[in-house]
Amino acid sequence: AKALRACLARGHESRKVAQTQMNHESSRSHLIVLIKVLAENKDTGERLKGKIVLVDLAGSERIKKSKPGPQQQQEAIEINKSLTALVDVIEALVQNGKEKREAK
């Protein structure tokens with residue numbers, strides 16, 4: 001638990017935010033945390049494994065509404081590009097999953 005708290009604290013310290021007209025604390029970076037959990041029953045020796053995935057994506061912005069400064073405007077453009085790429089990846093994974101199910 002201590003190591004997990006330290007990892008989350010390090011991620012929080014690295015988080016980049018900026019103020020825009022639409023949001024006092026606009027996330028300017030993405031954060032993905034994968035936590036692997038292993039629980040063992042000491043009486044029976046039974047082991048359970050699991051994963052927890054935490055995702056904090058930088059916010060998509062309408063530049064006309066948020067009125068960012070020059071640096072935040074370039075960040076917004078890059079954030080929007082990366083979110084578009086993420087959508088493409090998710091759509092490809094969904095399509096691949098459908099094709100595998102249909103092939104069975």
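Going by accessible area, probe 1.4 Å, with all protein chains left in place, what is the ranking of Ser29, Ser60, largest first?
Details: Ser29 35, Ser60 80 Å².
So the residues, ranked largest to smallest area, are Ser60, Ser29.
What's the angle, to the nearest 10 degrees (0 to 90), between helix 70-103's Cα axis and the longest principal axis of the chain?
Around 40 degrees separate the two axes.
Note the full-extension length gain between Ala6 and Ile32 as 0.36 nm times their separation in residues minus their Cα-Cα distance, in nm to one decimal. Numbers along the way, then the final one.
Values: separation 26, 0.36 × 26 = 9.36 nm, distance 1.53 nm.
So the chain would gain 7.8 nm between Ala6 and Ile32.
Rg and Dmax of the chain over Cα atoms: what are they, in angstrom?
Computed over the Cα atoms of the chain, radius of gyration and Dmax are 19.5, 61 Å.
Under the 0.36 nm per residue contour assumption, what length would be gained going from the current alpha-carbon distance of Lys42 and Leu83 to full extension? If you can, show how the numbers build up before the last one.
On the way: separation 41, 0.36 × 41 = 14.76 nm, distance 4.40 nm.
Here the answer is 10.4 nm.
I'd like the orientation of helix 2-14 relative to the chain: the angle between its Cα long axis and the longest Cα principal axis, in ° from 0 to 90, rounded to 10.
Helix 2-14 sits at roughly 10 degrees to that axis.
Report the Cα-based extents of segment 15-70 along its three principal axes, largest first, to the nearest Å.
Principal-axis extents of segment 15-70 (Cα, largest first): 60, 15, 14 Å.
Give a quick list of GluC sites (Glu not before Pro) in segment 29-104 that DSSP marks as loop, anything other than H, G, I, E or B, with at most 11 other Cβ atoms within 10 Å.
Listed in order of number, the matching sites are Glu46.
Check Ser26: other-chain or 5+ apart residues with amide H under 5 Å from its amide H, H built from backbone geometry?
Here the answer is Ala18, Gln19, Thr20, since their amide H atoms fall under 5 Å of that of Ser26.
With labels modelled as points extended 7 Å from the Cα through the Cβ direction, what inter-label distance (nm, one decimal) is found for Glu91 paired with Gln73?
2.8
Could you name the lysines whose alpha carbon sits less than 29 Å from that of Lys65, not counting residues in the same chain fewer than 8 places away?
Lys16, Lys81
The values are calculated or read from the model by the stated rules, or taken from the named source; none is laboratory data. Keep in mind that this is a model prediction, so the values were computed, not measured. Please note: Cβ atoms are built from the backbone with ideal geometry, for glycine as well, and neighbour counts cover all protein chains shown. For accessibility, only protein heavy atoms count, side chains too; no ligands or nucleic acids. Shrake-Rupley method; radii C 1.70, N 1.55, O 1.52, S 1.80 Å.
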